[in-house]
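Please read the structure below before turning to the comments.
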Amino acid sequence: MRGAGLDLVWAALPEARIVGGAVRDALLGRESADIDMASPLPPGVVMARAGLAGLKAVPTGIAHGTVTVVAAGKGFEVTTLRRDVATDGRHAVVEFTDDWRADAARRDFTINAMSMDQEGRVFDYFGGRDDLAAGRVRFVGGAAARICEDYLRVLRYFRFFARYGRGAPDPEALAAIGANRAGVAGLSAERVWHELKLILQAPLPCAAVRLMAESGVLGLVWPEAVPARLEALARDNAPVAPLLRVAALGVGDVGAFAARLRLSGAEAARLRAYVAPNGLAPGDDDDTVRRALCDDPAEVLAARTWLAGGGGPAWDGLRARLAALPRPVLPLQGRDLLALGVRPGPELGRVLRGVEAWWRTGGCVAERAACLDEARGLMERFQASPRE
Ligand code: ATP
Ligand code: MG
């Protein structure tokens, strides 16, 4: 792998290797968003070497061995090799080592346990390369033991199966997940939600979600979810959008779901908007579509079309209109009414609401001059009969 930043890091730390996901993705010819590296040198030495080479080194996680080296404007996390000393299902006590194989052995799956040096040599201690080529997601070591060290690995299994798995899943992994699934209930809601979103970010997550259901894991973390609904969404060629998929699978009461899995306020609001009942249909005219666009962004309205089972050309036509029509904005504000002589307070609110209702009825196309005329008319009417 090459790159201006990477070359600078390797010049400073020639013994370092790329590890984990970036190696896996490089073997597949895919680019990784971030490149994690490892070094047999202790973190203090990594910092000093980077400094000597004129690179900024930030001790971002020095207690567990991680230094972020900044090169060509990019951050590279360099972590000193580690081995596990003790694990309890959620946390691990580790010690530093200079043994590459020991560091690889504590990683979760064979496809995530490879490393690559600056010559592009791949170090593959557990058969990750073959597994990747065959679409096999396999634990490093005994699946049951690895799961009991860290129950998050159950969900990580489905994340990587969704992305890289092909054909039948590894029977040992599946048996171990089924037997130890109860441990998932002890994970923090934040971590569970984070993994669920990553699973649903895979282009084709249906097989993974079905496996989650069959192994009893889905029922533990997300009892409302119905996998067949995700399959319907995939058949319709809906976009890869995790929150849309969450809404499709089913959340029951949004507030309860959001509280249980600790969604962010923005995520909960988005989900609530998606599942709101007022959706459009392909036969709706442009006036109706524009009115809907006043109330909700095009993205939310498009999401509702998918949730309504909207595959096929007619629905595609509706979505194309949603994408093409600009979001209408009432071309009149309170200050325009003040300039016309409307009194601030309830009267202003009344006239403004009246103009807006008229503008919406007309399909949100009336221009400013027409809106001002309508406002004048309303003022006269309200003055003639103040309680109207
Ligand atoms: P992604 O592309 O989703 O980021 P990734 O492989 O980079 O995939 P991360 O969650 O970023 O996955 O973790 C980086 C690496 O750290 C993994 O490839 C794996 O080697 C190791 N790892 C992370 N979490 C665990 C865990 N819970 N148990 C064992 N190894 C882990
Ligand atoms: Mg990563």
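The values are calculated or read from the model by the stated rules, or taken from the named source; none is laboratory data. What you see is a predicted model, and the numbers here were worked out from it, not measured in a lab. Please note: Cβ atoms are built from the backbone with ideal geometry, for glycine as well, and neighbour counts cover all protein chains shown. Note: areas computed on protein heavy atoms with side chains; ligands, DNA, RNA excluded. Shrake-Rupley method; radii C 1.70, N 1.55, O 1.52, S 1.80 Å.
Things worth noting here:
- Surface composition of the range 98-202: carbon plus sulfur atoms hold 49% of the accessible area, using a 1.4 angstrom probe and ignoring ligands, DNA and RNA.
- Protection proxy ranking for 127-135, 278-286, using the average of other Cβ atoms within 10 Å per residue and placing the highest first: 127-135, 278-286.
- Shape category assigned to the range 1-134 from the gyration tensor of Cα positions, a/c cut at 1.5: oblate
- The orientation-averaged projection of the convex hull spanning the C-alpha atoms of the range 251-388 amounts to 10.9 square nanometres.
- Gaussian network model of the chain, Cα within-10 Å springs - most flexible of CYS148, CYS294, CYS206: CYS294
- Three-way shape call for the range 268-312 based on the alpha-carbon gyration tensor, with the a/c threshold at 1.5: oblate
- Put a plus charge on the Cβ of each Lys and Arg, a minus charge on the Cβ of each Asp and Glu, and nothing anywhere else: the dipole of the chain about its Cα centre is then about 320 debye.
- Per residue, the accessible area of the range 1-134 comes to 46 Å², computed with a 1.4 Å probe over protein heavy atoms only.
- Each peptide in 222-228, 151-157 was scored by the mean count of other Cβ atoms within 10 Å over its residues; highest first, the order is 151-157, 222-228.
- Count Lys and Arg as plus one, Asp and Glu as minus one, and take only other residues whose Cβ is under 9 Å from that of ASN278; the net charge is then -1.
- For SER188 and GLU380, a Förster radius of 45 Å and the Cβ-Cβ distance give a FRET efficiency of 0.10, rounded to the nearest 0.05.
- Axis of helix 152-164 versus longest Cα principal axis of the chain: the two differ by about 80°, to the nearest ten degrees.
- Subtracting the Cα-Cα distance of ALA102 and LYS74 from their residue separation scaled by 0.36 nm leaves 7.3 nm.
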